[in-house]
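Here the structure comes first, spelled out in structure tokens, and everything after it is commentary.
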């Protein structure tokens, strides 16, 4: 039996927790589907034997997907932030999420097809907006504010002025 971590992020799904967990495990390193638990009896959004919860890991973070039904949906109040090392990694994660039924948003944010928000954040962006030169940081920040997926070359050019 798989033990749930002492502190686990619980994410509410409308019957799609296993699909989401499988996608995350296939997309991100250090990710896995750890256990699938079926309901021992009927519950408000399902029947005995349906997948009730899925224990999974996303980039080392323990999560539990709860198939709780349609009562609640995800919002931008919770997001996974993924720090990327280069444009290829940024593109790979962005394209995987958006290209699998997700949607683009602003400033490096996107949503997957289950409604979870993701921040695909290149380390170069974080470094640029923390530049000790306030003018360089502002140029990089202003550049980011015009983007959906972050373009590292454009951020670095703005930083340099």
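Values in this text are rule-based calculations from the coordinates and carry no lab data. Computed from a predicted model, the values in this text were never measured in an experiment. As a convention, Cβ positions derive from the backbone with ideal geometry for all residues, glycine included, and neighbour counts pool all protein chains shown.
Quick rundown of the values:
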| item | result |
| --- | --- |
| Cα-only Debye scattering, segment 9-67: base-10 log of I(q)/I(0) at q = 0.16, 0.18, 0.22 Å⁻¹ | -0.44, -0.54, -0.75 |
| Length-normalised contact order for segment 9-67 - Cα pairs under 8 Å, 6+ apart - percent | 43 |
| Within segment 69-161, percent of DSSP bridges classed antiparallel, to nearest 5 | 45 |
| Per-residue [θ]222 nm for the chain (sum of -39500 (n - 2.57) over DSSP H runs n ≥ 4, rounded to 500) | -9500 deg cm²/dmol |
| Largest-first principal axis extents of the Cα set of the chain (Å) | 63, 28, 24 |
| Added length on full extension, which subtracts the Cα-Cα distance from 0.36 nm per residue, residue 78 to residue 160 | 26.3 nm |
| Helix axis angle, 17-27 relative to the chain longest principal axis, alpha carbon, degrees | 40 |
| Candidates 56, 43, 80, ranked by Gaussian network fluctuation over the chain, Cα under 10 Å, top entry | 43 |
| GNM top mover of 22, 48, 81 - the chain, alpha-carbon springs below 10 Å | 48 |
| Kirkwood hydrodynamic radius over Cα pairs of segment 79-160, then Stokes diffusion coefficient at 20 °C and 1.002 mPa s, in µm²/s | 170 |
| Degrees, to the nearest 10: 134-144 long Cα axis against longest axis of the chain | 50 |
| Calculated FRET efficiency for the pair residue 126/residue 10, C-beta based, R₀ 30 Å, to 0.05 | 0.60 |
| Gaussian network model of the chain, Cα within-10 Å springs - most flexible of 72, 13, 23 | 72 |
| Crossing angle, helix 87-99 versus the chain [Cα axis fit, 0-90 degrees, rounded to tens] | 40 |
| For segment 65-109 versus segment 116-161, the gap between their alpha-carbon centres in whole angstrom | 19 |
| Full-extension gain in nm, residue 87 to residue 148, via 0.36 nm per residue minus C-alpha separation | 20.6 nm |
| The chain, relative contact order [Cα under 8 Å, separation at least 6], % | 18 |
